[in-house]
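Written out below as C-alpha cells is the structure these notes cover.
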Amino acid sequence: MDLLWILAGTVVAGVGSVWIAALLSFGIMARFTRHMLSFAAGALLATAFLKLLPEAIETGISSHLLFGVLLAALVFFFMLDKAELYHHGHEHGDLGMDLHGAAHSEPAAAGAAAVSAAGNASQASLQTAQHKHQPLNAHRHHHHHSGGWAVIVGDSVHAFGDGILIAAAFMADWRLGWIASMAVLAHEVPHHMGDLVVLQHTSKNNAKAALLKVSLAGAVTALGGIVGYFLLAQFVNVLPFFLVVAASSFMYVALADLIPQLQRHVSLRDSAGQLLWLAAGIALVLLVGEFSHHSHTH
C-alpha cells in the first residue's frame, strides 16, 4: 500500500507541478504567477518545521543528533548550490550574463528564484532565455540551444531526489507523505515555469514540445519514489534521517532561493500580498494535515 501512495504522490508532485506551471505561464492562471513564490515559501517552511522535523524527533532518536544532521545537510546544500553557480558563472561568463540580476523579469523570475540546491542545472540556461530579446551571435546561440538539455538533465536529477524524499515521508506516515508531496508541488511550480521558458525557446517556440519534455523530467520523481521505497524498506532505521534531510532541503529552498527574491519588492502593497500568500501556504499545510488526521481517525 505504501508503494501505491508513493507512486500517486510522486506523480502529482512531479507531473502535476509541470501542468500547473504551464497554466501559469501560458494559460488562464497567469495573473497568479507572482504570488507562487510566497505561497511556495510558506508551504515549504510549514512542512519542514511543523511536520517533517516533529515526525523525525518523535522516533526517539537523540534530538542533538538529528539537529546535527539538519545543520550538516544545510551546509551541504549551500556548497552544492555554490558549486552549481560557480560552474555556470565560468561557463557563461563570456556571454555577459548576470546570474542574479536577470531574475527580476516576470514570469521567468519565479523560475530563477526557485532553483533548488539539489543539483538543478537549469539556472544559467534560464538566464539565457531571459536574454532572448537581444541579438544572438553564433557562440551565444550554441550555449542557448544546448541549454535545453541542461534543463532536462538537471530537472531529472532534481526530480529523482524529490521522489526519494517523498517516499521517506510516506513511509513514516501516509498523511505526512501527502503534505510533503504538496510542498514539493508548490515549490516546483515556479521552478518549472522557468524551465518552460527555456525549453520553449530552444524548441523554436513550440510550447507543446517544451511541456512534454518537462513533464517527462517531472515523471522521474516517481522513479525516485520507487527507489526510495525499496531503499528505505531495507534500512528502516535511517528513515528519521531522511525526514531531516527533506526538512533541510525545504528550508534551504525557501530561505536561500525564494525569500531573497521576495525581499526585492519592498512596497507596502507587495509586502502585504507576500505575507498573505505566505500565510496561505502555511494554512494549506495545516489544513491538509488536519483533514487527513480526521479522515484517519474516522
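Here, each number is a calculation from the coordinates, and none is a lab measurement. Since we're looking at a predicted model, the values are computed, not measured. No Cβ is skipped: glycine too gets one built from the backbone with ideal geometry, and neighbour counts run over all protein chains shown.
Fewest neighbouring Cβ atoms within 10 Å first, the residues H64, H187, H35 line up as H64, H35, H187. Sorted ascending by nearby beta carbons within 10 Å, beginning with the fewest, K204, K51, K213, K82 become K204, K82, K213, K51. Computed from backbone phi with θ = phi - 60° and the Karplus coefficients 6.51, -1.76 and 1.60, the 3J(HN,Hα) list for region 186-194 is 4, 8, 7, 4, x, 4, 5, 4, x Hz; x is used for glycine and proline. Label positions at A279 and A209, each projected 7 Å from the Cα along the C-beta direction, are separated by 4.6 nm. This ranking places L165, L231, L185 by how few other beta-carbon atoms lie within 10 Å of each, fewest first, which gives L231, L185, L165.
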